[in-house]
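Have a look at the structure below before the remarks.
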Amino acid sequence: MTYLWLKAGHIIFVIFWMAGLFMLPRLFVYHQETAPGSPENALWVERERKLLRIILTPALIATWGFGLALVVTIDAWDEGWLHAKLLLVLVLSGYHGWCAGYARKLAAGKRSLSGRTLRLVNEVPGLGVALIVVLVVVKPF
Ligand code: HEM
């Protein structure tokens, strides 16, 4: 039963983390359409900060926590699919870090990427999720 409760917890926080990773760059796009220094600009800064603090970062930590507990429970350390999965999850965790950094830049008034580039960047988690789920469900190697 422990294994099933751990997996349930893992998938719940994976969903929260992915939802936040899909949402945040979209908020950046709308944010950058407001006038710098305007009241609307300040509203987006607050929304991005809350999304990171209340949803994204706790979900990242819980996904890793439940995920590593699952690795211990099923003793999957030597599994090829897990190694490939962890590599992709590290890329997603790096992407999370990049998003947090870009939110800080926007809060400081720096808008270094165009809306078009931000929309392209938003495809990263989608591709990551597809590859990760295939690895963990199909376990091709
Ligand atoms: C953060 C580090 C992560 C670790 C250490 C980890 C590890 C694991 C392990 C050991 C399992 C159990 C596999 C099994 O029961 O055969 C599992 C299940 C699962 N993981 Fe992760 N995972 C992580 C992140 C993620 C992420 C980011 C996603 C999705 C984007 C994800 C999606 C899933 C899914 C869908 C399952 C259920 C698979 C099934 O029931 O067959 N995991 N994970």
Please give the helix 2-31 orientation as an angle from the longest Cα principal axis of the chain, in degrees from 0 to 90, rounded to the nearest 10.
20
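In whole percent, how big is the carbon plus sulfur part of the accessible area of the chain, probe 1.4 Å, protein atoms only?
Values: 5850 of 8160 Å².
Carbon-and-sulfur percentage of accessible area, whole number: 72.
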By how many degrees, 0 to 90 and rounded to 10, does the Cα axis of helix 80-107 deviate from the longest principal axis of the chain?
20
Partner lysines for residue 50 [C-alpha distance under 21 Å; skip if fewer than 8 residues away on the same chain]
105, 110
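Which value, in nm² and rounded to one decimal, describes the direction-averaged projected area of the C-alpha convex hull of the chain?
The directionally averaged projection comes out at 8.5 nm².
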What angle do you read, to the nearest 10 degrees and between 0 and 90, between the alpha-carbon axis of helix 124-138 and the longest principal axis of the chain?
10
Tell me which of 107, 95, 141 sits at the most positive position along the dipole axis of the chain, charges placed on C-beta atoms (Lys, Arg +1; Asp, Glu -1).
107
Can you give the FRET efficiency for residue 38 and residue 131, using 1/(1 + (r/R0)^6), R0 = 35 Å, r = Cβ-Cβ distance, to the nearest 0.05?
0.30
Computed, not fitted: 222 nm per-residue ellipticity of the chain from DSSP H runs ≥ 4 (each -39500 (n - 2.57)), nearest 500, equal to -26500 deg cm²/dmol
For the range 117-122, Karplus couplings with θ = phi - 60° (6.51, -1.76, 1.60), whole Hz, Gly/Pro x:
5, 5, 5, 5, 4, 5
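Could you state the accessible area per residue of the chain in Å², with a 1.4 Å probe and every protein chain left in place?
On the way: 8160 Å² over 141 residues.
Accessible area per residue, the chain: 58 Å².
The values are calculated or read from the model by the stated rules, or taken from the named source; none is laboratory data. No experiment lies behind these values; they were computed from the predicted model shown. When we count neighbours, we look across all protein chains shown, and the Cβ atoms used for this are built from the backbone with ideal geometry, even at glycine. Side chains included, ligands, DNA and RNA excluded: accessible areas come from the protein's heavy atoms. Shrake-Rupley method; radii C 1.70, N 1.55, O 1.52, S 1.80 Å.
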